[in-house]
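Contents: one structure, followed by commentary.
We did not get these values from a lab; they are worked out from the coordinates using the rules stated. Note that the structure is predicted; figures quoted are calculated from it, not measured. Here the Cβ is made from the backbone with ideal geometry for all residues, glycine too, and neighbour counts use every protein chain on show.
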Amino acid sequence: MAKLYSKKKLAEAPKMLPKQETIDFILNYSKALKVVKTSNGTYENIAN
């Protein structure tokens, strides 16, 4: 079993960078998301 973990990587994986479109979508979603905490629980609302 020790041999499995001692092997070196053959090649490094290429860096995966997100598209600008994806970044914009996530930022806009986080701006629209409102979380309200009440005594009854937590409510999430997405304002369009």
Apply the Karplus curve 6.51 cos²θ - 1.76 cosθ + 1.60, θ = phi - 60°, to the phi angles in the stretch 15-23 and return the couplings in whole Hz, x for Gly and Pro.
5, 9, 9, x, 6, 4, 4, 5, 4
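Taking neighbour counts of Cβ atoms within 10 Å as a proxy for exposure, in what order, fewest first, do Ser30, Ser39 appear? Write down the numbers at each step before the final one.
Values: Ser30 8, Ser39 4.
Least crowded to most crowded, the residues run Ser39, Ser30.
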Residue by residue through the stretch 38-46, which ³J(HN,Hα) values in whole Hz follow from phi under the Karplus form 6.51 cos²θ - 1.76 cosθ + 1.60 (θ = phi - 60°), with glycine and proline marked x?
10, 5, 7, x, 10, 10, 10, 10, 10
